[in-house]
Amino acid sequence: MAAWSPAAAAPLLRQIRRLSLPHCAQRMFASQTEGELKVTQILKKNFPRATAIKVTDISGGCGAMYEIQIESEEFKEKRTVQQHQMVNQALKEEIKGMHGLRIFTSVPKH
């Protein structure tokens, strides 16, 4: 068996670097997944008066399930179920590709 050498390992290392990480593994290296960013952008567009929006992929980064926390004046004087319906409506297309969604809504305290 040949001895290991950096020159012999170089082609193998180049191949490893070209491999793309599985989507779930990318979660370990990014502050937000693509799905989290997309959902956040949609919510910012649909709730321009939101004072806080936090979207977390709780499926390990695969985009199957999200937890959404959103604080907005748009929810004022609406029941919780109505607030959640507003979020569901804003994410209607994205929800089609999800397995689950946890929604926490609130109105800013002044």
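The values are calculated or read from the model by the stated rules, or taken from the named source; none is laboratory data. All figures in this text were calculated on a predicted structure; none of them were measured in a lab. Note that each Cβ is placed from the backbone with ideal geometry, even for glycine, and that neighbours are counted across all protein chains shown.
Quick notes on this structure:
- With respect to being modelled with pLDDT of 95 or more and closer than 30 Å to His110 by Cα, Gln83 fits the description.
- Single condition Val55 does not satisfy, out of (1) touching a Phe, Trp or Tyr at 6+ places or on another chain (Cβ under 7 Å); (2) more than 23 Å from Thr33 (Cβ to Cβ): (2)
- Output for the stretch 43-90, where each listed residue is buried (at least 18 other Cβ atoms within 10 Å of the Cβ), β-branched (Val, Ile, Thr) and out of contact with any Asp or Glu (no Cβ under 7 Å at 6 or more places or on another chain): Ile68, Ile70, Val87
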